[in-house]
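> The structure is given below, and queries will be raised subsequently.
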Amino acid sequence: MKNDLWNEICFELNECRKNNALEKDYENAVVNCMMLLGWKKFKGEIECQYPVQAGHETKYADIVILKDGTEQFAIEIKRPSHILQDQDEKQLFSYMRLLKSKVSFGLYIGNMIRLYYDDSDSQQFPESVFSLKISEDNPDGIIFTELFSKETFDAQRLADFCKEQKSRILEKRKIQEEIKRLLSDNTGEIFKDLLRNKYVGEGHSEEWADAILSQIIINVLPLVNTPVLNPVHVPESGSRTDKTRVYDKTRYGLLGSRPLPKNRFVLETVRHFVRCNPEKYMTYERIFNRLRDDSQKVILPVNSLTEEQRLRRYFSHEPDWLTSTDGVTFVVNNQWTYWNIIPVVKFAQEQGYNVIEY
C-alpha cells in the first residue's frame, strides 16, 4: 500500500515529465500529489503562490503547506526539464526563512525531489539532506511518503531525520577527504611513516627502519569493483629506474550505447544534455565546469582555445563542436581518467541516463 502511494505520485509527476510540461502545469501536478498525501486544499493546507514579505517587496512561494494555520514547509517548483541552479536553491531558502513562521524544511521538485533542512544550530545556508529520483518502486519513495503524509507528518521527527542525514553526509565527506589525502600521496610517505612508527614501536632503531623503507616503493591506488587495472612496465628515459604505471581500461555505456572510452563518454554525455536542454553558454559553463576541480575546464568556447588545447586537450574537430542557444560554439575536454571522470558519471546518473561500466 505504501509503495502504491509513491507509485501514484510518480505517475502524476512523470506524465508531466513525458510531456515536458510548463511550470504551472507541473505545479498543479504537485498540488495533486500533496492531496494524495492527505493535505486538503479546502482546509487551507495547500496554498499556491503564497505571499512572502521580503522587506518592502512581496514575493510568492510556489506552494506552502500549512497545518492548523501554521506553515510547515515550502515547495519550489521548476518544470521537469529544468536543471537545478544555485539561484533556485537561494530562492527556496529565502522563502523558508521569510515565512511568518520560519520553517526548517523545503522541497525542490523538478527533474527530481530534494529535501533541504535549515538547521537552527547552524549559521550556514540550508543544506540538501535527501534526494530521490521520481521513479516507480524507488525504496526512498516510501521514506518520502511517510515523512510528508499529513497523517504521519511530525516536524520533530522530520528534523531528527534531517539531522541524521546531515551526520551521514558529513561522515561520507570526511571519508572522501581522507581517501583523497591518501591518494594524493604519490610517494607513499604517509604509509612509510606508519611503518616507521611500527618498527620503532617494536624496538628497532629509526636507522634500521629507514634502511628497509628506502628500498621499497609504495603505489597508492583506489579500490574499485569492476574496472580491471592492468599494470604495465614502462621504461623511462634518463637515469631513473623503471616504474610500474597503471593503465585503466574502464569504458562506459551511455543510454544503451556500445562501451565508450572515457573521453567519448564525457563528450556524448554533454552532447545529449545539450540536445535535450537548450540553454545559453553561461548556463552550460556553470553546470559542466564545476564537474572538474583541476585547472582544465570541461568545456571551452572554440575561439578561446590555445594551440595546445586545440591539438591535444579538447575535441576540436568540427563534427564534435556543440552550440548554445546564444550562438557560442564550444568543445569538450578529452583528458579523462578513471578518477576524475567520477563526477561526470554521477551527473549522468542524476539526469536519469542509463550508465553501464565495463
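No lab work stands behind these numbers, since they all come straight from the coordinates. Just so it is clear, the structure is predicted and the values come from calculations on it, not from any experiment. Note: ideal-geometry Cβ built from the backbone for every residue, glycine included; neighbour counts use all protein chains shown.
> Stretched out fully, how many nm does the piece from residue 317 to residue 218 gain, at 0.36 nm a residue minus the Cα gap?
Stretched fully, the residue 317-residue 218 segment lengthens by 31.6 nm.
> Rounded if a/c is under 1.5, else prolate if a/b beats b/c, else oblate: with a ≥ b ≥ c from the C-alpha gyration tensor eigenvalues square-rooted, which is segment 275-340?
Since a/c reaches 1.5 but b/c is at least a/b, the shape of segment 275-340 is classed as oblate.
> Report the label-to-label distance for residue 133 and residue 40 in nanometres (one decimal), using points 7 Å from each Cα along the Cα→Cβ vector.
Reported label-point gap for residue 133 and residue 40 is 3.7 nm.
> Between residue 155 and residue 296, how high is the FRET efficiency from 1/(1 + (r/R0)^6) when r is the Cβ-Cβ distance and R₀ = 51 Å? Nearest 0.05.
0.65
> Which FRET efficiency, nearest 0.05, do residue 303 and residue 206 yield, Cβ-Cβ r, R0 45 Å?
In this case the efficiency is close to 0.20.
> Can you give the local net charge around residue 157? Use residues other than it whose beta-carbon is closer than 14 angstrom to its beta-carbon, Lys and Arg +1, Asp and Glu -1.
Value of the local net charge: -2.
> Sticking with this one: Apply the membrane-span-like helix rule to the chain: whole DSSP H runs, Cα extent along the own long axis of at least 30 Å, mean Kyte-Doolittle hydropathy at least 1.6. List the helices found.
none
> State the answer as a single residue: which of 116, 54, 329 lies farthest towards the positive end of the charge dipole of the chain, with beta carbon charges of +1 for Lys and Arg and -1 for Asp and Glu, about the Cα centre.
My answer, from the dipole projection, is 329.
> Assuming R0 = 35 Å, what is the FRET efficiency of residue 342 and residue 170, from their Cβ-Cβ distance, to the nearest 0.05?
Step by step, r from the Cβ atoms, then E = 0.95.
> Simple spin-label model, 7 Å along Cα-to-Cβ: residue 32 to residue 198 in nm?
Output for this residue pair reads 6.2 nm.
> Quickly rank 120-127, 30-37 as a protection proxy: mean count of other C-beta atoms within 10 Å, highest first.
Per-residue mean Cβ counts within 10 Å order the peptides as 30-37, 120-127.
> Using the Cα centre as the reference, give the magnitude of the dipole from point charges on the C-beta atoms of segment 115-167 (Lys, Arg: +1; Asp, Glu: -1; all else neutral), rounded to the nearest 20 debye.
Computed about the Cα centre, the dipole is about 80 debye.
> Can you report the principal axis dimensions of the chain using only the alpha carbons, biggest first, rounded to whole angstrom?
Per principal axis, max minus min of the Cα coordinates gives 82, 61, 46 Å.
> Here is a further query. Among 321, 6, rank each residue by its count of other Cβ atoms within 10 Å, from fewest to most, as a rough exposure measure.
321, 6
> With charges set only on the Cβ (+1 for Lys and Arg, -1 for Asp and Glu), what does the dipole of the chain come to about its Cα centre, in debye to the nearest 20?
Roughly 680 debye for the chain.
> Mind checking which of 254, 128, 205 is farthest towards the positive end of the chain's charge dipole, using Cβ charges of +1 (Lys, Arg) and -1 (Asp, Glu) about the Cα centre?
254
> Assuming a ≥ b ≥ c are the square roots of the Cα gyration tensor eigenvalues, decide whether segment 1-89 counts as rounded (a/c under 1.5), prolate (otherwise, with a/b larger than b/c) or oblate.
Here segment 1-89 falls in the oblate category.
> Sort the following peptides by mean Cβ neighbour count (other Cβ atoms within 10 Å, averaged over residues), highest first: 202-209, 340-347.
340-347, 202-209
> A follow-up question, please. Place a +1 charge on the Cβ of each Lys and Arg in segment 254-326 and a -1 charge on the Cβ of each Asp and Glu, then give the dipole magnitude about the Cα centre in debye, rounded to the nearest 20.
240
> Let me ask something else about it. Starting from segment 260-318, pick out the trypsin sites (Lys or Arg not before Pro) whose DSSP state is loop and whose Cβ has at most 10 other Cβ atoms within 10 Å.
In loop regions of segment 260-318 (DSSP not H, G, I, E or B), there are no sparsely surrounded trypsin sites (Lys or Arg not before Pro).
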